Amino acid sequence: MNKAITDGVVLQPPSFSQGLNVWARGDGTAGFDTYQGTATAAYVPADLDFSGCLEIQKTDATQKLRYMGETPLLPGCYLRITAKIKAMSGPLSTVRIAGWAGGSGGGHVSGLNETGNSVSLSAYGEIVEVSAIVGSGQRTGVDMVWGRAPLFGHFGLDLTGPNGGVVRIDDIEIADITSAFHRDMISVVDVRDYGAVGDGVTDDHGAFVAADQAADGRKIFVPSGTFRVGSSLTLNERIEFEGKLSMDAGDILSLVKDYDLPKYIDAFGGDEELAFRKAFQALLNNVDHETLDLGGRRVTISEPLDLQAIEGSRTSFAQRRVIRNGQLYVTDGAAWDVDVTTSAATYSTSSDDRLTSVTNVANIKVGSLVQGTGVGREVYVREVNVGAAEVRLSGPLYDAVGRQTFGFQRFKYVLDFSGFDLFSQLVLLDLEILCRGFASGIMMPRSGVANTIKNCFITRPKDRALTSIGSGCQGMFIEGCQFITNEGGANAQTRTSIAMNANANDLKIRNNRASQFRHFAILGGQNYVISGNHVFQGDSNRDGARLAGFVFTRTNVNHTFTANYVDNCHVEWTNEATASPDNSGGFSFSALSITNNVFLCSDVAPWFSFVVIKPYGTGHTLRGFTMTGNMFRSTKGTIDRVERINATFATLNLAAVRDVLVNGNMFLNVVTGSENPITLDHTQSNHASTWFVPFAGRFPFGGRAQRVSCVMNRSKIKSVANVNQFTAPWVTPERGTNGDVVEVAWEKEVSGTVTITARMDD
């Protein structure tokens, strides 16, 4: 390295023949006298030893000679200052190279050694050469170690010793000698020195291994060229790529100390998609790699990433692995086209997760969405057994017994883990999957535990953002993510994209945001914590249809639904994920807690409700339901009530309801607010022995007044003769057409006011 050559940096000061006005008697900074016109100094054009030189009589204790120009000090460069001098007469002096360190703004950088070693002149006419090296590093041979603060220097020499002597000085030389320190400073091992050819054909695998072994803490350097590596390669030292590698798809590149996506992009000549594939291979095949950091890079993806096929050697993996910090950017192409096929098949409740006797079974792809009569939402193909002509499903079908033709749609996903039988402890962190309306987002493995998607953006998925085709969602964490629609301008009822589904248990769905999908989440498991999410699905239509944001597809859910913001959508509770939708025992619709949420709607039909139960079979009831502390608000119109039963297939047996608590909610622009228990005052102005107290549909879901827990007099109870009566009444619940009237019977005809508390659950 020589900056004078490579970068055109001027280091050499002018010769004395060009004038002495740039040579100072002081530090070289402005304000010091120069040697121009000085009586004790002169330029000598002809000397027996020097072609031209400066003659000086020493008059100062330390006679300084400094070039007033600013000689640049570049990071990593080392300069050698050299001077030749001889004594002519008088006392003999001592000479040394010296300088002045200048920093930012032209100020002096103090505290540095600014002189070289001193050399004594011992004889008249004897030429003595002095030199010193200045640089930033504390390295052997460096006389003046200046660190990084100095930006320039004023260089020359000092004369010390007795005054009166006369010396002659040849032109001072300043040269870049960084090359003398090059090997130790750069510390590289060139693979060419170990036999690498770089012609794209010769197998350079052995040369890379040898260079890695020889490096011993130094960096490996790959110069320009294409270096063919014919088998898997592990490099333990750091590496720098000017050229690129060529490897077969199944061969693994492990960069132990340089494991991040930008380095893999360098390794494969800027091919981002290939680099991601190779980095993922290494992530699963090297114990030194726990996290694949994309380095904040945008990676262009042209086709679905079948991650099991990319890895190639295994179908299960159960160690923590993280992919983080970057963007996957989809480009359009035929590779994203949805595969569509139809096949006749038979379904039976005795094998409720199977289709049997499937025609053209080889044409059906794992991960396909199943469609047909009696098929619930988000049922997928989990496995295909071609030999047995069977298809295993992600869940049961509610009403598909017999033989029919089913449709199968295979969406294409940017990150597709469906080839893994099992993948656990996967973490996707701080990623944006920019689907751009061309692709779907993530397909989970067929099984797995404790996978996590955190702080990710899945932006504009064509069909699905996150899909589970089996139990790969077991115990999954979905936290702090944004699901951004590709259908923002469409009416709610015409949208087809869905943000996510799950089939297994124990999910944590927290603090996410989702906009204008057909549904946010179709959830088929139990024991979910759903909290802090903001889901909005409205459109610009007045009295527009509003679809479910959250769909629970089984009866006994054990879900906690709290602190969510549900905007222009609703919670729908069904039992579509069962092969026998009629209730034959068990808990029926039970164990759901909806607490402290904000529910908002606008421009909706009056019959819209925020919580909807939709039984797919008969005989169901409600056994364990809590709805407290919520705020329900309708803007630009009112709604009739916040909860209802969708009786498309069947209704609930409201006479068998148990363990329902609904209170402490706020109802704004809601015609009928609901409570259980309900306490109200009833005033009987005319005298009667039987009072009928109506609860007027105020029980949740239009429930019945099954039990009266309290009747208390609020006024004097008086007979027709205006005499106070002190007898207690008896009550008969479940009167009236809807069973929401309580009959209060007295011994005689009376009037007055009572407070009565009734419940819809027994």
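Values quoted throughout were computed directly from the atomic coordinates according to the rules given, and no laboratory measurement underlies them. Quick caveat, the model's predicted, so the values are computed rather than measured. Please note: Cβ atoms are built from the backbone with ideal geometry, for glycine as well, and neighbour counts cover all protein chains shown.
Counting every alpha-carbon pair across region 167-242, the share separated by more than 14 Å comes to 65%. Taking the number of Cβ atoms within 10 Å of each Cβ as an exposure proxy, the fewest-first ranking of 17, 122, 394, 751 is 122, 17, 751, 394. Whole-Hz Karplus values for region 191-196 come out as 5, 5, 5, 10, x, 5 Hz, taken residue by residue from phi with 6.51 cos²θ - 1.76 cosθ + 1.60 and θ = phi - 60°; glycine and proline positions read x. Sorted on the mean count of surrounding Cβ atoms within 10 Å across their residues, most packed first, peptides 519-526, 363-370, 198-205 read 519-526, 363-370, 198-205.
For GluC sites (Glu not before Pro), no site in region 722-762 is both called loop by DSSP and has at most 15 other Cβ atoms within 10 Å.
Taking the C-alpha atoms only, the angle from helix 272-285 to the longest principal axis of the chain is near 80 degrees.
Each other residue within a Cβ distance under 15 Å of residue 486 adds +1 if Lys or Arg and -1 if Asp or Glu, for a net charge of +2.
Listed by Cβ neighbour count within 10 Å, with the fewest neighbours leading, 740, 33 appear as 33, 740. Annotation for region 664-726: chymotrypsin sites (Phe, Trp or Tyr not before Pro) lying in DSSP loop with at most 14 further Cβ atoms inside 10 Å of their Cβ are 726.
Residues 424, 51 in ascending order of nearby Cβ atoms (within 10 Å, fewest first): 51, 424.
Taking a straight Cα-Cα cut-off under 12 Å and skipping sequence neighbours fewer than 8 places away in the same chain, the aspartates and glutamates within cross-link reach of residue 86 are 47, 49, 55, 126, 129, 170.
Remark: spin-label model distance residue 338-residue 373 equals 2.2 nm, labels positioned 7 Å along the Cα→Cβ axis.
Tally Lys and Arg at +1 and Asp and Glu at -1 over the other residues with C-beta under 13 Å from the C-beta of residue 759: what net charge comes out? Result for the neighbourhood of residue 759: -2. Summary value for region 658-730: 23 percent relative contact order, contacts being C-alpha pairs under 8 angstrom separated by 6+ residues. Projecting the Cα positions of 120, 14, 104 onto the charge dipole of region 1-136 (unit charges on Cβ atoms of Lys, Arg, Asp and Glu, taken about the Cα centre) puts 104 furthest along the positive direction. Of all DSSP bridge pairs formed entirely within the chain, close to 45 percent run antiparallel. Globularity index of region 187-293 is 0.95 (Cα radius of gyration / 2.2 N^0.38 Å, N = number of residues). Checking (1) 59; (2) 47; (3) 43 against the coordinates, the calculated percent of Cα pairs over 39 Å apart falls under label (1). Seen against the Cα atoms of the chain and their longest principal axis, helix 205-215 is set at about 70 degrees. The loop-placed chymotrypsin sites (Phe, Trp or Tyr not before Pro) in region 11-44, going by DSSP, that have at most 15 neighbouring Cβ atoms within 10 Å of their Cβ come out as 32. For the chain, a simple Cβ point-charge model (Lys and Arg +1, Asp and Glu -1, everything else neutral) yields a dipole of about 2940 debye relative to the Cα centre. Counting Lys and Arg as +1 and Asp and Glu as -1 over every other residue whose Cβ lies under 14 Å from the Cβ of residue 570, the net charge comes to +2. Taking every C-alpha pair closer than 8 Å and separated by at least 6 residues, the mean separation divided by the residue count of region 192-303 gives a relative contact order of 19 percent. Database remark: amide H of residue 740 closer than 5 angstrom to the amide H of 705 (H placed geometrically; neighbours at sequence offset of 5 or more, or on other chains; Pro and chain starts carry no H). With the contact rule set at Cα under 8 Å and sequence spacing of 6 or more, what percent relative contact order holds for the chain? The value is 6 percent. In sequence order, region 319-331 has phi-based couplings of 10, 4, 9, 10, 10, 8, 6, x, 10, 9, 10, 7, 10 Hz under the Karplus curve 6.51 cos²θ - 1.76 cosθ + 1.60, θ = phi - 60°, and Gly or Pro positions carry x.
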